[in-house]
Each structure stands twice: as structure tokens, then as C-alpha cells.
Amino acid sequence: MKKIAVFTDTYFPDVNGVARTLKRLTNYFECNNIQFRVFAPESTRDSFFEQEIYRFTSLPFFLYPECRMGLPNLSKIKQELLAFQPELIHIATPFNIGLTGLHFAKKLDIPVVGSYHTDFDRYLEYYDLQFLSRLLWKYMHWFHASFQKLFVPSNETYHQLKRHGFTNLSIWPRGVDCNQFHPYHNKAESSLKYQIDVPYVLTYVGRLAPEKNIDTLIKIATSLPPSINDKVHWLIVGEGPSMEEMRNQAPSNMTFTGYLSGKELSSVYAYSDLFIFPSTTETFGNVVLESLASGTPVIGANAGGVKDIIQHDCTGVLCNPNQINEYIEAISKLICNTELRKKMESAGRRYALTQSWGQIFSRLVNEYDYVLSSIENRKYA
């Protein structure tokens, strides 16, 4: 029976793609008799006691407040690791908890792998901190140098890290729960709930922050021609530091729902006619895959991991980053062409059905086995 220790600076119930992915991973461990321990900061949201999760006092990280800077108890972690005897350490973030995992992997001679979830170098651009880029990459090289494998979520991220000289890379994409995200919700209920009486709904789901190109989203919404604008209503799902600014700039046909999850979230995806996602900083783009699973075509940026998910003119449309006119043209085209939009809805759902979490986690565990067997073979070579 495998034993895996996961070190991460964000975990459920935090609201971000990293936390949700790791929660699904530990659920998979439970269902497949893989023992695990998670070392993570305390969450700003209510979290339930779980025997396998060890939480530590934390502070918000300035670039990403939802990702906490944990203040780990080293003696407690060492004691637990010695008792648990993990075969492998998986580090998901390069901050305090991740550093602690790296320290103990070296100190206790435990094989270590990692996953790369967030393009912090691109984030620096949105906070006028580009001058830190060289220092960031130097640190990231040092941090990941001893990893037997570094799992990345998309081809784009793989090639980006290759260009920066990273080795031992392997692609670990994300999946989607097509039982949760599907097109078969009651759209009349959503129409009544949000009091929408126009034919088409355009939706954004994600963090409301500069690095998600929120300014581009607002420019798109306020620049639609009247012939289209009069037929659409926007639903903005999420929270974040840009929320108040967005509200002040938003057109009258835009509703902010706040954070949604579960059936409420999946209902909004299914209710929508198009999903608009201009973010250029995604290493993957979980929300894009969730939208496709819900039968909703995506108009997204031709950048980052998003361009690996959207099949241009098949499941959605890829637009050059920040090109407002391209987004407006794509929205107008799909609003006016019902047949094409319906074809995209079906194609997106078909694609999502091939991206199950079970298959993706099974491949990851196979990668764990490969790492462990390679180390074992080297011992006896």
C-alpha cells in the first residue's frame, strides 16, 4: 500500500484550482487504498477536522491572498513523517509549506516530486513587479532541482519551463467531473433566479483579480454593439480584489453572483450560452473544461493552458490576448449562428467526457510508481 505525503500552501476549502485539484487527488487516494498525509496552512474558510490533514497558522501571500504563507511546526511535521513513513513526498507549492516538505525530503532521504500549478512570473506583470522576474526564476530552479519529477498541467507550461532550463518534466493535465458539470439543468429556474429576460447569457467564472485580465473582460462587455448587447446578460461568478472596481465599471446588463459552488455553479455553466475567459496566465484552466462539460462553448485567450483545451472553431474560439475586437467578433458570430453554437456545445461535451479525473489520477500514480522503481533500480545498479 502506497504512502504519500503532500505539502501544499493551499488546500480545500480554499477557493482556487490548486486546492480543488489536490482535494480531488486525496479523494482518489482514499478510494484506491493509498494512504496519505496533507500538510497545509489553515484556511480562511471553515474547514472540517480530517485525520489525514495537518494545518498550521498562516498569513496571506501578497500576490495571491487565497494562497496562504504557512508557519509550519517543524518538530510536529518531523514527528508525523517518522511515524507515517511515506514512500514519496509530493510538493505542490514553492512557499513555506513546500519548503518544509523539501527540507524533510532531503533530511529523511524521501523521494520527492512536485507539481507546477501557477505562473507566478506572469503574475508579476500585473502587479508591476517585473524586476523580480530574474530572482523568481533563480529561486524556482533551486527549489525544483532535486525533484525526481515535476508535473505540469499543459503543453504550454511544459515548453515554457523547458525554455527556462527545467528538466524531468511530465505533463499531468486536469480532469472534470461530468456528472457534476453537465447540460441537463433546468434553465428556467436559473432564468427566474437571476431575473434575466433576454435571449442569451454570457458568463465568466474565476477570481476577480488583475492577473485574470478582468480589465479586458469589462472592455468586451462595454464595447458590444447595441444589436448584440440588447440580447445578452452577463453573469460574473467569483470574488477577488478587483470586484469593487468591476462593479463600478460594469454595464447595466451585468450581474455579480459572488462565489458559487456545487449545483449552483454547475447550473450557471449550463444556463449560459457562451463562456468568456480572457485570462492569459492560466497553466491549465479548470473552469474552461467545466464549461465545455456543461455544453457551453468557450471564447478564450490563445495563451497559456487554455489554448490546449479549446479546439478553435470546434469547441470554442481562441482570440489573441487583449484583442477586444476579436472577442466581440466571436461573441457576435456565435450569438447570430445558432447551428454553429449548437455544434460547439455537443463537441465540447464529447471532449470533456474523455477527460475524467479517474484516468488522470491513475496516470499520475503510475508516474509515482515509475519514480520509485527508478530509484530502487539505481540502488542495485
### Query
Which order do peptides 162-169, 33-40 fall in by mean Cβ count within 10 Å, highest first?
33-40, 162-169
### Message
Give me the percent of accessible area attributable to carbon and sulfur for the range 218-363, probe 1.4 angstrom.
### Response
45
### Task
May I ask for the distance between the Cα centers of the range 303-381 and the range 146-191, given as a whole number of Å?
7
### Query
Tell me, what % of the accessible area of the range 133-206 is carbon and sulfur with a 1.4 angstrom probe?
51
#### Entry: Accessible area of Trp142 in the full protein assembly, 1.4 Å probe (Å², nearest 10)
130
### Task
Report the accessible area of Cys31, computed with a 1.4 Å probe over the heavy atoms of all protein chains in place, in Å² rounded to the nearest 10.
110
### Query
Most mobile of Ala301, Ala145, Ala83 per a Gaussian network model of the chain (Cα springs, under 10 Å)?
Ala83
### Task
Could you please put Ile171, Ile236 in sequence from largest to smallest accessible area, using a 1.4 Å probe?
Ile171, Ile236
### Message
If I ignore ligands, DNA and RNA and count only protein heavy atoms, how much of Glu189 is accessible to a 1.4 Å probe, in Å² to the nearest 10?
### Response
110
### Query
GNM on the chain, C-alpha springs below 10 Å: top fluctuator among Met140, Met243, Met254?
Met140
### Message
Within the range 77-200, how many Lys pairs that are eight or more residues apart, or on different chains, come under 27 Å at the alpha-carbon?
### Response
11
### Summary
If the chain between Asn337 and Glu245 were fully extended at 0.36 nm per residue, the gain over the current Cα-Cα distance would be 29.8 nm
### Task
Can you sort Asp215, Asp119 by 1.4 Å-probe accessible area, starting with the largest?
Asp215, Asp119
### Task
Report the full-extension gain for the segment Leu135 to Ser362: residue separation times 0.36 nm, less the Cα-Cα distance, to one decimal in nm.
78.2 nm
### Summary
Full extension between Glu376 and Leu353 adds, at 0.36 nm per residue less the Cα distance, a length in nm of 4.6 nm
### Message
Tell me the per residue accessible area of the range 116-199 using a 1.4 Å probe; a whole number in Å² is fine.
### Response
56
### Task
Once you've got the GNM for the chain with C-alpha springs shorter than 10 Å, pick whichever of Phe95, Phe12, Phe84 has the biggest mean-square fluctuation.
Phe84
### Message
Can you sort Met69, Met344 by solvent-accessible area, 1.4 Å probe, largest first?
### Response
Met69, Met344
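The values are calculated or read from the model by the stated rules, or taken from the named source; none is laboratory data. Computed from a predicted model, the values in this text were never measured in an experiment. Neighbour counts run over all protein chains shown; Cβ positions are idealised from the backbone, glycine included. What goes into the accessible areas is simple: the full protein's heavy atoms, side chains included, and nothing from ligands, DNA or RNA. Shrake-Rupley method; radii C 1.70, N 1.55, O 1.52, S 1.80 Å.
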